[in-house]
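This report refers to the structure that appears directly beneath it.
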Amino acid sequence: MVVKKCPKCGSTNLVRDYEHGELVCADCGYVISENIEDLGPEWRAFDSDQIKSRVRGGAPTKFTSPNKGLVTEIDKYDRDIRGARISQKKLAQLSRMRKWHKRASIATSMERNLAIALTELARICSYLGLSDETKEEAALLYRKCVQHELGRGRLIESLVAAVIYTVCRTQNIPRTLDEIARVAGIEKKEIGRAYRFIRRELKLNVPLTNPKSYVPKFCAALKLSGKVQERSIKILNKAMKKGLVSGRGPTGVAAAAVYISAALEGERKTQKEVADVANVTEVTIRNRYRELKKELKLKVEL
């Protein structure tokens with residue numbers, strides 16, 4: 001039974017004394033229970049090397065690996081326990097064992113699908129500079145798509161790209177559909193169709209893209225100062241309060257805010273420079289700039 005408060009004084013400040021095996025109230029000193037279990041390891045370690053050598057738990061499961069990292073492998077060390085090279089006959093035997101072990105680990109169609117998809121997922125995430133946590137979440141979402149049989153009649157590559165775009169939207173990572181389509185080598189329309197299908201079938205609650213998440217990326221690419229970035233976010237906060245962002249592309253609004261802020265801070269950039277970084281047209285920046293200037297009553301001289 002889990003005790004959450006002291007039965008005498010009602011305090012929740014409880015102390016587990018593993019040396020004496022007691023659960024004690026730190027306020028009144030009442031011994032709530034005796035002979036409590038110590039759920040920690042039975043061994044002791046005095047440095048990091050001893051912790052690594054004595055721990056018996058294996059590596060954590062990885063969704064980016066087709067078998068989640070829970071399978072054994074025959075390494076390619078090709079030496080015996082003493083470090084000496086093994087004979088050619090043994091080498092040939094090991095080579096056959098590796099080949100059949102690899103074939104046995106990818107036996108079903110689902111395992112083959114995962115082997116192809118997760119390799120492609122790792123490639124795209126590497127090109128986009130996404131973190132291991134994002135990669136793991138994308139792999140988990142792809143596994144859910146496979147379990148629900150959402151890949152039937154669709155390219156594996158388009159489904160992988162759609163999954164990565166979904167996770168970027170969920171984690172508020174500034175990666176546009178154009179960037180992912182360019183890296184994946186798939187048409188933007190195909191990825192968008194797969195993304196909408198995944199969101200509908202899995203009932204995902206994907207938030208709207210916040211234009212503020214693109215500001216640091218644009219400012220870094222244009223080599224603008226922190227003052228420009230700070231002012232851009234302030235402009236976007238005002239624009240969002242007035243509803244100037246709804247119905248408009250977040251990248252275009254963010255680019256216009258950066259363009260205005262750079263001019264106000266004396267770090268002027270041309271519309272073409274900002275448009276190239278944001279991957280939008282100069283017309284889009286010009287239109288968003290005029291809207292922001294008029295509605296927020298900004299005094300900008302360009």
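The values are calculated or read from the model by the stated rules, or taken from the named source; none is laboratory data. The structure displayed is predicted, hence computed values, not measured ones. Positions of Cβ are backbone-derived with ideal geometry, glycine not excepted, and every protein chain shown enters the neighbour counts.
Could you figure out which of (1) in contact with a Leu (Cβ under 6 Å, 6 or more places away or on another chain); (2) more than 24 Å from residue 177 (Cα to Cα) isn't true of residue 228? Result: residue 228 fails condition (1) only.
Being in the same structural domain as residue 160 (by TED's automatic domain parsing), in a helix (DSSP H, G or I) and loosely packed, with under 15 Cβ neighbours inside 10 Å narrows it down to one of 133, 137, 120, so name that one. Going through 133, 137, 120 in turn, just one is in the same structural domain as residue 160 (by TED's automatic domain parsing), in a helix (DSSP H, G or I) and loosely packed, with under 15 Cβ neighbours inside 10 Å: 133. When the residues of the stretch 47-80 are filtered to those that are in a loop (DSSP other than H, G, I, E, B) and among the hydrophobic types (A, V, I, L, M, F, W, C), the one that is modelled with the lowest pLDDT is 59.
Scanning the stretch 251-289 for residues that are within 19 Å of residue 234 (Cβ to Cβ), out of contact with any helix residue (DSSP H, G or I) (no Cβ under 7 Å at 6 or more places or on another chain) and assigned to a helix (DSSP H, G or I) returns a single hit, 263. Here residue 83 meets each of (1) surrounded by 10 or more Cβ atoms within 10 Å (Cβ to Cβ); (2) among the small types (Gly, Ala, Ser); (3) at pLDDT 75 or above with one exception, condition (1). Scanning the stretch 251-272 for residues that are under 19 Å from residue 295 (Cβ atoms) and of a type in the set (A, V, I, L, M, F, W, C) returns 253, 254, 255, 256, 257, 258, 260, 263, 264.
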